[in-house]
1. Which of A163, A44, V200 sits farthest toward the positive end of the charge dipole of the chain, with +1 on the Cβ of Lys and Arg and -1 on the Cβ of Asp and Glu?
2. Would you check the chain for Lys pairs whose C-alpha atoms are within less than 19 Å, ignoring same-chain pairs closer than 8 in sequence, and give me the count?
3. Take D190 and M228, extend 7 Å from each Cα along the Cα→Cβ direction, and tell me the distance between the two endpoints in nm.
4. Could you give the length gained by full extension between Q125 and S151, i.e. 0.36 nm per residue of separation minus their alpha carbon distance, to one decimal place?
5. Given bins 10 angstrom wide, list per bin the percent of all Cα-Cα distances in the stretch 120-210, short to long.
6. Give, rounded to the nearest 20 debye, the magnitude of the charge dipole that the chain has about its Cα centre when Lys and Arg contribute +1 at Cβ and Asp and Glu contribute -1 at Cβ.
7. Give the distance, in whole Å, between the Cα centre of the stretch 136-201 and the Cα centre of the stretch 39-61.
8. Relative contact order, percent, of the chain when contacts are C-alpha pairs under 8 Å separated by at least 6 residues?
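Throughout, read-outs are computed from the coordinates displayed, never taken from laboratory work. Every value quoted in this text rests on a predicted model; they were computed, and no experiment measured them. Here the Cβ positions follow ideal geometry from the backbone for every residue, glycine too, while neighbour counts run over all protein chains shown.
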Amino acid sequence: MPIDVENVWKKFRLRQQRVHSISKFLHEMLERRAVSGPAADFWALKDVSFHLDAGDSLGVIGVNGSGKSTLLKLLNGIMRPTRGRVSVRGRRSALIELGAGFHPDFSGRENVYLNGMILGLDKAQIRRKFDEIVSFAELEQFIDIPVKYYSSGMYARLGFAVATAVDPEILIVDEILAVGDLAFQQKCMDRIKKMQAQGVSIVLVSHGLNDIGQICRQALWLHKGAPMRFGQTGAVLDAYLEHLGMPRAGVGGGNGTAVTG
Ligand SMILES: Nc1ncnc2c1ncn2[C@@H]1O[C@H](COP(=O)(O)OP(=O)(O)OP(=O)(O)O)[C@@H](O)[C@H]1O
């Protein structure tokens with residue numbers, strides 16, 4: 001199994017702000033007084049378990065704040081579970097937070113090298129892939145300006161182009177593709193399908209249930225951090241849509257109508 005998630009719990013500590021105006025906040029800061037109250041425990045994931053075989057694909061769905069991104073961060077290894085076990089075997093590449101791994105003052109070109117190296121390529125390998133990355137991202141005109149001047153869509157284009165160029169065995173992609181325009185989203189979906197056909201395991205978070213239906217054989221529905229349902233995508237999407245009070249959309253067989261959730 002390349003991905004094994006066993007009874008995973010993730011806790012965050014939330015500090016309650018006690019001050020209610022900016023001037024009071026600044027005053028408290030200047031006086032070096034504590035500006036936050038006692039910490040409260042918040043469970044973002046509650047006893048989540050699933051297995052994913054090599055080459056299989058998982059869609060993670062759920063309303064805002066249900067724990068989807070937190071789960072992806074655990075799978076990518078940038079966070080550790082509070083309880084339970086996460087095991088991911090294989091070279092992974094992830095696009096979770098927009099601009100993560102990018103240095104704002106570096107140009108697009110420099111960031112391609114920086115990111116490529118973070119993802120495990122050496123300089124010569126990146127040089128060989130460079131033109132293809134820039135051409136996929138359609139950023140030829142902007143590749144030598146600092147990425148702090150990029151739009152969020154441009155960030156997502158470059159991030160996706162690099163993340164998918166490094167020949168991963170597991171590709172983890174969060175909702176951030178949604179900031180790209182429709183043509184680019186379609187291009188990304190086509191590339192994900194191509195990688196999938198080559199045996200790459202895919203984990204995808206999306207509110208675009210058609211995308212999940214088209215790409216993912218399995219789905220996990222999270223609600224307030226708890227796993228509501230895991231299994232074959234069509235059945236999980238139906239249960240989720242029913243919970244939302246929306247009509248079943250016939251997604252899951254690649255023939256869905258446009259729905260988001
Ligand atoms: N670093 C953190 N510190 C404290 N709370 C956090 C942290 N990261 C996430 N949370 C909380 O955990 C919960 C789940 O967040 P998460 O980003 O995983 O949700 P999500 O399902 O991806 O939501 P969305 O659909 O809005 O992207 C939220 O209530 C969020 O406020």
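1. A44
2. 15
3. 3.4
4. Details: separation 26, 0.36 × 26 = 9.36 nm, distance 2.74 nm.
Extra length from Q125 to S151 when fully extended: 6.6 nm.
5. In order of increasing distance, the bins hold 15, 48, 32, 5 percent.
6. Dipole size: approximately 880 debye.
7. 23
8. RCO, the chain: 23 percent.
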